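Read-outs throughout are calculated quantities, based only on the coordinates presented, and are distinct from any laboratory measurement. In this text, all values refer to a predicted model and were calculated from it rather than measured experimentally. Because the Cβ atoms are built from the backbone with ideal geometry, glycine has one as well, and the counts that use them run over all protein chains shown.
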Amino acid sequence: MKKFIIDIVIFFALIIVAAIPVDLAISAHKRSVTDDLRYSQWNDMLDGNVNADLIIMGASRARMHLDTEILDSVLGVNSYNLGMDGTWLNYQIKKYDVLCEYNVKPKVVVQCISYGSLKYDDDWYPIETIFPYFTNRIMWKHIIWESNHNYFQKFLPCYRYLNYARFARPMKGVIHKGYLPSDASWSVEGFTKKDSTDFLYDERTTVVFEDYVRRLQHDGIKMVLLFPPQYIGLTQRIAGLDRMYKYYDSISAVYNIPIMDYHYDSISYDTQYFCEPTHLNRTGAELFTRKFAKDLDSVLNSAGN
Amino acid sequence: MLFTSYGFLLFFVVVFFLYWLLLREKKWWKNWVILVASYVFYGIADWKMIPLLAVATAIFYWLGIRIRSAKTEKGSNAYKIIGIVLGVGTLVYFKYFNFFVQSFSDMFSAMGLQVNLHAFNIIIPLGVSYFTFKLISYVIDVYNEEMEPCRDFVVFADYVAFFPTIMAGPIDRPRAFISQLQVNRSFDRGMAVDGCRQILWGLFKKIVIADNCTIAIDEVFAMSQVPASLYLVGALLAIFQLYADFSGYSDMAIGLGKLLGVNVTRNFRYPFFATNIAEFWRRWHMSLTKWMTDYVFTPLSFVMRKWGKFGLIVAILVNMLLVGLWHGDNWTYAVFGLFHGLLFIPLIITGGFNARQNEKTIKFGLPHPVSLLKMLCIFGLCTCGIIIFNAESVGDALGYFRSMADVDIWRASYRFFLFPKNYVGFLVVFMLVVEWIQRDREHALDLTRIKYRWGRWLIYYIVILAIIFFDAMSADQFIYLKF
């Protein structure tokens with residue numbers, strides 16, 4: 001019995017001992033990645049390289065729609081795009097908290113919102129984006145401890161990398177301060193797949209969101225809520241669009257936050273600017289960013305007055 | 001609480017240490033630990049059915065004693081019949097009552113008669129097919145004097161509710177199982193190590209093969225237009241999924257038993273290497289086949305012996321029909337059973353029914369071409385059986401066959417099978433190769449012939465890495481839990 005238990009302990013201890021340096025090496029490698037958005041955003045944040053005047057928060061639409069290079073040139077600011085695919089507001093806000101631990105707080109936050117932003121999900125997605133930072137205390141404090149990774153993923157070296165290796169999809173390309181557009185052209189298949197959708201709402205997210213809004217105001221940070229363009233056919237299919245506007249209008253009224261809505265902008269009617277109903281392609285993103293930058297400039301100036 | 005869950009791991013570690021480290025000289029302690037663990041395990045899954053399990057156990061315990069203590073043969077037989085009726089009745093009530101009601105209703109409707117037959121909202125207790133079979137075999141074996149009635153209630157309750165096997169088998173036979181619990185067990189390192197190996201192989205089959213097959217099957221049928229060749233691929237994946245899922249579960253159950261010093265009956269013996277249908281059933285779900293052979297087929301063929309081969313054919317058809325229906329209340333299971341029964345007929349006519357056929361090999365341990373051809377034929381026929389087994393209705397099964405019988409069956413879909421994003425074809429081939437090499441062993445990870453520990457450990461590490469790497473993350477239920 002004793003020998004059996006010792007054998008079992010040695011068997012697993014050997015795995016762990018061998019896995020620690022491998023884990024450290026993989027994490028160190030990913031901590032230096034610059035051409036994969038899944039890691040480059042976090043690397044910039046944790047290395048204190050963001051320090052932006054204007055940050056864009058949001059999910060994939062933020063990431064794909066707002067070209068930081070154009071924003072910088074038009075607005076004369078230093079902007080950074082923190083948009084990441086598949087993230088809901090509750091996790092975007094955690095990301096903002098990590099940002100503030102390592103970087104100067106921004107002056108302006110452009111918060112991209114959509115019919116799905118208020119969904120609550122305790123999945124961190126894409127899950128592998130935070131894997132290299134499991135030795136970081138701040139990441140544990142804000143994200144990892146509460147994330148839905150199981151204990152094996154949290155505490156066993158290497159396990160998380162192996163476990164998700166097959167599912168990981170790189171987000172590579174020429175990345176400019178978090179902006180990574182798509183070069184794809186309109187896909188009809190993408191549109192037919194999205195038959196209909198609903199305004200997703202969860203009170204757990206609204207509580208966190210409103211607290212975040214208050215914190216920004218407390219810190220004197222200007223906030224803009226942005227409905228980026230989406231193909232009009234999709235907007236027409238969203239059930240509960242009225243409820244969505246009602247909620248965000250109430251936030252806007254209570255906290256005096258401007259809303260910039262491009263759902264019905266001319267861009268939203270033209271498929272040549274989209275790769276699929278929810279996302280602009282590079283051409284659309286560049287056109288939209290120029291338009292948005294001008295509008296934002298006037299919104300901020302009028303808000304400043 | 002699935003065997004593959006972290007919760008079960010924690011549960012088993014606690015049970016293991018309580019079992020072996022506390023009061024290690026006392027067999028009653030070990031038996032109590034098994035009993036409490038089994039009821040906790042069963043209760044977590046379905047606490048409402050604990051009274052049913054406990055009452056059924058108590059009744060059959062009493063019947064076993066009464067069968068032996070009855071003063072007359074007639075009395076003894078009466079207790080046996082009560083046991084059989086209760087066992088079969090429990091099974092029929094929970095699993096088939098609504099099926100019969102619906103079938104009668106449909107039959108009367110077809111005859112133009114309107115009858116008010118109402119189905120009940122019956123919740124099927126988990127593992128009912130398994131523990132009722134254990135109970136029935138107990139009363140029959142006691143009556144046939146193949147064993148003494150168990151006079152230790154805890155031991156008997158352990159036999160009925162043994163947690164590694166209560167949900168999905170294997171269906172242990174009372175004599176072999178109870179006798180193990182009637183003596184004290186001392187820790188056997190070799191047995192425990194082998195149990196760990198078998199659990200590891202079971203995990204590999206479930207997590208790597210079965211769950212990835214599930215994903216691949218879903219991918220096939222998520223396509224808007226499925227060509228005939230992909231229907232074929234879907235059927236092939238389905239049989240591997242079922243095998244890996246169920247045999248994986250059985251391996252884990254047997255391995256867990258070994259860790260507790262208890263030998264659980266074997267359930268699979270590399271069925272894809274069978275060269276005739278009888279051999280297939282001697283290798284697939286062996287505990288059920290053996291049970292049905294002993295308690296249904298053998299008595300039935302004895303009764304029909306005067307009719308020669310015809311009697312044997314009738315006996316096998318009835319037997320296989322019941323094997324099919326054991327799985328659940330759907331005509332597809334009955335057709336599945338009959339289909340397999342029909343496959344026995346050529347074997348019975350040619351006199352090869354009882355002949356044991358082992359696979360022949362040529363150089364390098366490769367299968368002999370004739371053996372390989374036979375294996376492929378049996379595999380193909382069993383794949384057809386699985387199409388019926390998995391279908392929602394007999395009509396759906398026929399529709400599936402029709403969809404497969406199209407000219408584009410020849411349109412290559414090998415790419416999907418061999419190189420899908422989850423590498424499922426490669427994984428299945430890997431499993432078959434390993435099982436072929438290890439076919440003379442109880443399980444494919446029995447590496448005792450490798451002399452060096454580092455060599456064995458290296459293979460275990462590779463299997464663990466494969467499990468982690470290919471984990472489909474779908475945490476699917478085991479298929480046979482629903483039966």
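Please rank B:His327, B:His285, B:His340, fewest neighbouring Cβ atoms within 10 Å first, as an exposure proxy.
B:His327, B:His285, B:His340
Gain in length, B:Phe310 to B:Trp28, computed as 0.36 nm per residue apart minus the alpha-carbon separation, to one decimal in nm?
Result: 96.4 nm gained on full extension.
Residues of region B:46-67 with the amide nitrogen closer than 13 Å to a label point 7 Å from the Cα of B:Arg151, along Cα-to-Cβ, please.
B:65-66
What does the helix-only formula give at 222 nm for chain A: each DSSP H stretch with n ≥ 4 adding -39500 (n - 2.57), the total divided by the residues, and the result rounded to the nearest 500 deg cm²/dmol?
-15000 deg cm²/dmol
Per DSSP H run of at least 4 residues, take -39500 (n - 2.57); add these up for chain B, divide by its residues and hand me the 222 nm value, nearest 500 deg cm²/dmol.
-21000 deg cm²/dmol
Springs between alpha-carbon pairs under 10 angstrom, Gaussian network model over chain A: which of A:Ile20, A:Ile55, A:Ile232 fluctuates most?
Largest GNM mean-square fluctuation: A:Ile20.
Stretch A:Asp295-A:Tyr125 to full length: gain in nm at 0.36 nm per residue minus the Cα-Cα span?
Full extension of this stretch gives 58.1 nm more.
Among A:Val208, A:Val74, A:Val254, determine the one that fluctuates most according to a GNM of chain A built with springs between C-alpha atoms less than 10 Å apart.
For chain A, modelled as a Gaussian network with Cα springs under 10 Å, the answer is A:Val254.
If a/c stays under 1.5 just call it rounded; otherwise compare a/b with b/c (prolate if a/b is bigger, oblate if not). Do that for region A:36-101, with a ≥ b ≥ c from the square roots of the Cα gyration tensor eigenvalues.
Cα axes put region A:36-101 in the oblate bin.
Determine the shape class of the protein assembly as shown: with a ≥ b ≥ c the square roots of the Cα gyration tensor eigenvalues, call it rounded for a/c under 1.5, and otherwise prolate if a/b is greater than b/c, oblate otherwise.
Prolate shape, in that a/c is at least 1.5 and a/b is the bigger ratio.
Roughly what would the spin-label model give for B:Thr383 and B:Arg175, points 7 Å off Cα along C-beta, in nm?
Rounded to a tenth, the inter-label distance reads 4.1 nm.
When you have a sec, figure out the Kirkwood radius of region B:6-187 from all distinct Cα pair distances and drop it here in Å to one decimal?
Result for region B:6-187, one decimal place: 18.1 Å.
If R0 is 45 Å, what FRET efficiency do you get for A:Thr197 and A:His218 from their C-beta distance, rounded to 0.05?
Efficiency for this residue pair is about 0.85.
Can you tell me the relative contact order of region B:6-187? Whole percent, Cα pairs under 8 Å, sequence separation 6 or more.
Result for region B:6-187 is 32 percent.
Sort region B:247-298 into rounded, prolate or oblate with this rule: let a ≥ b ≥ c be the square roots of the eigenvalues of the Cα gyration tensor; rounded if a/c is under 1.5, and if a/c is not under 1.5, prolate when a/b is larger than b/c, oblate otherwise.
The shape class here is oblate.
Calculate how steeply helix A:203-218 sits against the longest principal axis of the alpha-carbon atoms of chain A, using the helix alpha-carbon long axis, and give the answer as 0 to 90 degrees to the nearest 10.
70
Suppose we look only past 15 Å in the calculated P(r) of region B:200-299. What percent of the Cα-Cα pairs does that tail hold?
So the pairs more than 15 Å apart make up 69 percent of the total in region B:200-299.
In what sequence do B:Tyr231, B:Tyr423 fall when counting other Cβ within 10 Å, fewest first?
B:Tyr423, B:Tyr231
Return the aspartates and glutamates within reach of B:Lys290: Cα separation strictly under 19 angstrom, same-chain partners fewer than 8 residues apart disregarded; answer none if there are no such residues.
Cα-Cα hits under 19 Å: B:Asp141, B:Glu145, B:Glu146, B:Asp172, B:Asp251, B:Glu279, B:Glu442.
Please state, to two decimals, what the Cα-based radius of gyration of chain B comes to when divided by 2.2 N^0.38 Å (N = residues).
1.01
Using a simple spin-label model with points 7 Å from Cα along the Cα→Cβ vector, what separation in nm is obtained for B:Leu52 and A:Phe12?
The two pseudo-label positions are separated by 3.6 nm.
List the lysines whose Cα lies under 24 Å from the Cα of A:Lys141, skipping any in the same chain that are fewer than 8 positions away.
A:Lys30, A:Lys94, A:Lys95, A:Lys105, A:Lys119, A:Lys154
In chain A, what is the volume of the convex hull around the alpha carbon atoms, normalised per residue and reported in Å³?
Hull volume over Cα atoms, normalised by residue count, gives 148 Å³.
Would you list, by chain and number, the aspartates and glutamates whose Cα falls below 12 Å from the Cα of A:Lys107, excluding same-chain residues fewer than 8 positions away?
Cα-Cα hits under 12 Å: A:Asp53, A:Asp219.
Report relative contact order for region A:1-148 in percent, whole number only (criteria: Cα-Cα under 8 Å, sequence separation at least 6).
26
For chain A, set up a Gaussian network in which alpha carbons nearer than 10 Å are linked by springs, and say which option among A:Phe12, A:Phe288, A:Phe209 fluctuates the most.
Maximum among the listed residues: A:Phe12.
Compute the distance in nm between two label points, each set 7 Å from the Cα along the Cα-to-Cβ direction, one at B:Phe469 and one at B:Gln182.
In this crude label model, B:Phe469 to B:Gln182 measures out at 5.0 nm.
Please report the relative contact order for chain B, taking Cα pairs under 8 Å with a sequence separation of at least 6, and give it as a percent rounded to a whole number.
That works out to 18 percent.
Taking neighbour Cβ counts within 10 Å as the exposure measure, how do A:Lys154, B:Lys80 sort from fewest upward?
Fewest-to-most ranking of A:Lys154, B:Lys80: A:Lys154, B:Lys80.
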